[in-house]
DNA sequence: CGATAAAACTGACTGACGGTCGGTAATTAC
DNA sequence: GTAATTACCGACCGTCAGTCAGTTTTATCG
């Protein structure tokens, strides 16, 4: 009984692993279901037995990658002086991770295109995106930032961070670009700080 | 001799017009070259005679739409008190235009997916995107904003505006969402203003 | 006006790829 | 054991972007 479940999980994992590699390396469009099937060591029919279609395979891969990225970002921003500073760190870790290699391909290039912007944000909001809103909310509670609607502001930041990640991925000197964008991002964050010290 | 050129231009225009309508209504993926050909009143081969492929058709449509949007944005922000305020107005006009209907489909949903983020920004930078950098630069020159690298900051804003446009397009009450995002955007812009010596 | 070249245009055809489906093998339940 | 359920197989199908050999239209020149 557990045998069956194991077997299923194993096959699923193999498909996911192969798909992640292929999607990351070649992108969604350039990867065929036949390739995925072959790379996972199963027949095409088996892939369709586990996933309703190519997009669903991608969605599963995307979710896995999302989770992993959020985990690493959280780890990177664990220690920080105040909440806004932690946001700057997290944000920087996020777009550094996303701007390089397979992760960027899945998270930024293909993500919105394949899943649609809405679903893309929906998933991201469960991992990294949601944290921005939380931190912002906390910052307001602490008086670091003037009280105002959180949602719109959080979305704007998410958009800015995404843009930075894309730009870094495209840049010839990603590291240098990363520094430049991190700085600009901090300028933006600092601008939010309450002007007349509420302290 | 002008006859030939006329004919060519006319056919091209017909294809572009049909493609714009179809891409806007159904999106890039759901539109077939056969449809475009039929709607333009020419054979498929003629479309390929004028454009190297489906993506090139889209690119031409995208450029036309981009230009039109930039024109309307410029018109909307013509009168404004200071440069930052004009940016707020322009920005708002931009994401209002982009968040609705066919324009949004072409500019935001399919644009980056089909052209690739890099090429997408490249084209946009020739129209709307470039203006952000210009305005920011001017604002620094006038002392409204502390001097700092313009490029990264401009990109972040562009990302934020794009995000706002997407969110508005998705929202159930686009008008209300538009107001909320416009306000958040102004908060961000205001945060950039040089702080008063009085504290 | 032909004759010739060049460009615009046609539409049947091809190859690739996502997805289907009838069938087989393995596993579990009774 | 047998029946039922689930995993898996792979030949086949429909669709669609892109091709190409051939036809029509337009421009050029003697």
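The values are calculated or read from the model by the stated rules, or taken from the named source; none is laboratory data. Bear in mind that the values here come from a model prediction, so they are computed numbers and not experimental data. Note: ideal-geometry Cβ built from the backbone for every residue, glycine included; neighbour counts use all protein chains shown.
Figures for the structure shown
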| quantity | calculated |
| --- | --- |
| Test: residue in segment B:161-170 that is within 11 Å of chain A (Cβ to nearest Cβ) and not in a helix (DSSP H, G or I) | no |
| Members of segment A:11-29 found to be more than 12 Å from DNA strand D (Cβ to nearest atom) and free of Cβ contacts under 8 Å to residues at least 40 places away in the same chain, listed by number | A:17, A:18, A:22, A:26 |
| Residue in segment A:144-155 that is within 12 Å of another protein chain (Cβ to nearest Cβ) and under 26 Å from residue B:119 (Cβ atoms) present | yes |
| Test result for residue A:138, at pLDDT 90 or above, within 11 Å of another protein chain (Cβ to nearest Cβ) and in a helix (DSSP H, G or I) | no |
| Subset of segment B:33-44 [away from DNA strand D (no atom under 11 Å from the Cβ) and not in a helix (DSSP H, G or I)] | B:41, B:42 |
| Helices (runs of 4 or more DSSP H) fully within segment B:67-134 counting 2 or more residues that are in contact (Cβ under 8 Å) with a residue 60 or more places away in the chain, under 21 Å from residue B:56 (Cα atoms) and more than 14 Å from every other protein chain (Cβ to nearest Cβ) | B:101-104 |
| Flag if residue B:182 is touching a residue at least 40 places away in the same chain (Cβ under 8 Å) and either part of a helix (DSSP H, G or I) or crowded, with 22+ Cβ neighbours inside 10 Å (or both) | yes |
| Condition met for residue A:52 (without any contact (Cβ under 8 Å) to a residue 60 or more places away in the chain and outside any helix (DSSP H, G or I)) | yes |
| The one condition in (1) crowded, with 16+ Cβ neighbours inside 10 Å; (2) touching a helix residue (DSSP H, G or I) at 6+ places or on another chain (Cβ under 6 Å); (3) at pLDDT 90 or above that residue A:147 fails to fulfil | (1) |
| Top-ranked residue of segment B:185-196 - restricted to ones that are closer than 23 Å to residue A:125 by Cβ and in contact (Cβ under 8 Å) with a residue 24 or more places away in the chain, ranked as nearest to the chain's Cα centre (by Cα) | B:185 |
| Some residue of segment B:6-15 being within 14 Å of chain A (Cβ to nearest Cβ) and either away from DNA strand C (no atom under 14 Å from the Cβ) or more than 30 Å from residue B:93 (Cβ to Cβ) (or both) | no |
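Each row is one residue, and each column tells you yes or no for (1) surrounded by 15 or more Cβ atoms within 10 Å (Cβ to Cβ); (2) within 19 Å of residue B:121 (Cα to Cα); (3) at pLDDT below 95; (4) within 16 Å of DNA strand D (Cβ to nearest atom).
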residue: B:31; (1), (2), (3), (4): yes, no, no, yes
residue: B:46; (1), (2), (3), (4): yes, no, no, yes
residue: B:50; (1), (2), (3), (4): yes, no, no, yes
residue: B:56; (1), (2), (3), (4): no, yes, no, yes
residue: B:60; (1), (2), (3), (4): yes, yes, no, yes
residue: B:70; (1), (2), (3), (4): yes, yes, yes, no
residue: B:83; (1), (2), (3), (4): yes, no, yes, no
residue: B:88; (1), (2), (3), (4): yes, no, yes, no
